[in-house]
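Worksheet for the structure shown next.
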Amino acid sequence: MDNKSNYTDVLLRHYDAVWGRSSASLMWEYGPVEKLNDDFSIREFSPGDRIGMWVYATSGMSSHIEEGEPVELHIFSHRQDRGLAELLTSVAYYHKFAARLNLHHTVNFGQPWQDNSGCDHGFISLPYINGPELMDCFFRKGNIKCYWMIPVTENEVKFKIQYGVEALEAIFEREALDYLDPGREDVVKAG
């Protein structure tokens, strides 16, 4: 078995164990997706006993990385939304060809996260909902880091840059960030 297929096999077993169910494979068919890794896909998990929302996760986003810890991302949704396959595929493309993404980085989606949401950026966070059980997928002698992509506003990104990650996450906690609501208020303006 080659390294790439082993990578995604291990990752998919990890996802299935954490979220308690198997997933459907999605592939965005438009744009230069053929330049991504051969083993790349987006995994769609329906709500279940362990997690009561839709989950979309990258698989193989970092299988090309030879040095350092590879990163995979997931995003939550209150409804089934295959448009999130396009969003995560774009983020994976950016990760491979523009700038290697990691914890606490932000990325401009270039479009609203869902509907007409003011959240058109993503903030890469620790997977607080699933914790260390999800974050560390043991692969060979290291880990694949599985991080949460939280949809945020441009203003929240500017706040993070100016005041730091801890200050932004403190506002998220204080304002009880509704990370499933595309129409949510900008928590920096609300705070």
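The values are calculated or read from the model by the stated rules, or taken from the named source; none is laboratory data. Since the structure is predicted, the reported quantities are computational estimates derived from the model, not experimental observations. Methodologically, a virtual Cβ is constructed for each residue, glycine included, from the backbone with ideal geometry; neighbour enumeration extends over all protein chains shown. Accessible surface areas use protein heavy atoms only, side chains included; no ligands, DNA or RNA. Shrake-Rupley method; radii C 1.70, N 1.55, O 1.52, S 1.80 Å.
Key figures
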item: Candidate set: region 41-62, residues that are part of a loop (DSSP other than H, G, I, E, B) and touching a residue at least 60 places away in the same chain (Cβ under 8 Å); chosen: the one farthest from residue 133 (Cα to Cα); result: 62
item: Selection within region 179-191 - open to solvent by 40 Å² or more (accessible area, probe 1.4 Å) and assigned to a helix (DSSP H, G or I); result: 189, 190
item: Considering residues of region 71-99 that are modelled with pLDDT under 95 and not in a helix (DSSP H, G or I) only, the residue nearest to residue 170 (Cα to Cα); result: 99
item: So residue 133, is it over 15 Å from residue 58 (Cβ atoms) and out of contact with any Leu (no Cβ under 7 Å at 6 or more places or on another chain); result: yes
item: Residue 63 within 24 Å of residue 6 (Cα to Cα) and crowded, with 22+ Cβ neighbours inside 10 Å; result: yes
item: Residue that is modelled with the highest pLDDT [pool: residues in region 137-191 that are among the polar types (S, T, N, Q) and within 18 Å of the chain's Cα centre (by Cα)]; result: 153
item: Scope region 84-139; condition free of Cβ contacts under 8 Å to residues at least 12 places away in the same chain and on the phi > 0 side of the Ramachandran plot; matching residues; result: 131
item: Residue identified as farther than 21 Å from residue 90 by Cα, free of Cβ contacts under 8 Å to residues at least 24 places away in the same chain and open to solvent by less than 50 Å² (accessible area, probe 1.4 Å) among 167, 176; result: 167
item: Pick from region 148-158, criterion open to solvent by 10 Å² or more (accessible area, probe 1.4 Å) and among the hydrophobic types (A, V, I, L, M, F, W, C), ranking: nearest to residue 103 (Cα to Cα); result: 148
item: Residue in region 26-40 that is open to solvent by 50 Å² or more (accessible area, probe 1.4 Å), assigned to a loop (DSSP other than H, G, I, E, B) and hydrophobic (A, V, I, L, M, F, W, C) present; result: yes
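Yes/no matrix, rows are residues, columns are (1) small (Gly, Ala, Ser); (2) closer than 25 Å to residue 159 by Cα; (3) surrounded by 20 or more Cβ atoms within 10 Å (Cβ to Cβ):
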| position | (1), (2), (3) |
| --- | --- |
| 79 | no, no, no |
| 83 | yes, no, no |
| 95 | no, yes, yes |
| 105 | no, yes, no |
| 115 | no, yes, no |
| 130 | no, no, no |
| 133 | no, no, no |
| 138 | no, no, no |
| 146 | no, yes, yes |
